[in-house]
Amino acid sequence: MPSTRAGAVAIVSVAIATAVAIVAISGPRRPEAAALGQLPFDAPLPAGPPPPGVTLTIGDPTTQRVLEHTGWINQLPFKVKWAEIAGGPAVTEAFHARSLDVGSAADIPPIHATWVGIPVKIIAVRLRQDPLNHPLYELGIAPKSGIQSLADLRGKRIAFSPGQVQGEVVLRTLAAEGLTPKDVKLVELPSTGGDVYVGALAGGLVDVAPLGVGTQVKHYLEKYAADGARVLPHAPFRDDLTVLYVRQETLQDPAKAAALKAYIALWARAAEWVRAHPEEWAQFYYVGNQGLAPDDARYVVAAAGEPDIPADWSEAIGMEQVAADAVGRGTGRPHLAAASLFDRRFEPVAAGAAAAEWARESPTAAPRLAAR
């Protein structure tokens, strides 16, 4: 897989109320027709900075914190309104209300947005190095569920959110075990808050729920392991795709397209900064901003592994197609060509910025990278 590191040599050398709101969106809509003065999707991105007065509303809290901490926020050549929005359902609802320009989420939310009639495009892709050992999710197992392995899932109650990657994790794990949704009881419950799934497990409402690897898994086990709670790895597939995505109409605005291009470059730099400064990231963000204990902060950073901004999105597109097919089959949605979601005009923007930051942060690493 071409990665930030591999590319460096060549280049430098995003609770139930939310779900109801989304479901209430009616009927598929066609992408807005390009009008006079709009930027066609097959036209190059604007070459220069955005014109004065451009504003983007961005729901990308972690990047915001990095840009503030490093001072790079002063390099944004446009006005920004930061939105404390994270997770697919909240981003989709904000897109529906046209109150957000850019959102961050895992792989399923852009697919789900398209299915519910909101045409979107993915403009940035982030993966993880060593993804099978650094997954986004593991399966929380409720006390007294009787589940010892994935082979025990038949007939169990499983928390399920069709508009989030957690739903994909459930469906693909069932398929890997030779099961279908009819072989279990899917309990539709969006994971829009950190304690929703943990509470459902602890309260005996479900037997299984995907939990975020990090503090969610750690605290679940700390609180309930003595009662019989445990976690299991899901079936061995990648769940690490994270994207930035926008409404298609946002990209048709040349001024906003230019602003997005500038933001993606700093977004990629921010990911590389996090990779190069794990202890500083743990302290200033997870301890200082999120209120975690220092040991918990280090645990979260270690669990996340290292980010990878790919120079080629082909693998990410393949992952998105697998996700769309799995969730489409499990929920009765129509086939979706995942490649149509990606605006590959942004592909070299992120890769070039990440590679340049890698070279600044790790100038002696090039020989090791060349061997990968």
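Can you tell me which residues in the stretch 245-271 are among the basic types (Lys, Arg) and part of a helix (DSSP H, G or I)? The answer is Lys256, Lys261, Arg269. Residues in the stretch 201-234 that are of a type in the set (Lys, Arg) and in contact with an Asp or Glu (Cβ under 9 Å, 6 or more places away or on another chain): Lys218 only.
Among the helices (runs of 4 or more DSSP H) confined to the stretch 1-96, the ones with at least 2 residues that are surrounded by 13 or more Cβ atoms within 10 Å (Cβ to Cβ), modelled with pLDDT under 90 and at negative phi are located at 4-11, 16-23, 88-96.
Residues in the stretch 164-214 that are in a loop (DSSP other than H, G, I, E, B), more than 17 Å from Phe237 (Cα to Cα) and in contact with a Ser or Thr (Cβ under 7 Å, 6 or more places away or on another chain): Leu189, Pro190, Ser191, Thr192, Asp207.
Residues in the stretch 283-305 include at least one that is in contact with a strand residue (DSSP E or B) (Cβ under 6 Å, 6 or more places away or on another chain) and surrounded by fewer than 21 Cβ atoms within 10 Å (Cβ to Cβ).
Note on the stretch 281-335: residues that are closer than 22 Å to Ala124 by Cα, outside any helix (DSSP H, G or I) and touching a Phe, Trp or Tyr at 6+ places or on another chain (Cβ under 7 Å) amount to 1.
Restricting attention to the stretch 169-227 and to residues that are surrounded by fewer than 18 Cβ atoms within 10 Å (Cβ to Cβ) and within 18 Å of the chain's Cα centre (by Cα), the residue that is nearest to Asp296 (Cα to Cα) turns out to be Gly194.
The values are calculated or read from the model by the stated rules, or taken from the named source; none is laboratory data. Since the model is a prediction, treat every value here as computed from it, not as a measurement. Quick reminder, even Gly has a Cβ in these numbers, built from the backbone with ideal geometry, and neighbours come from all protein chains shown.
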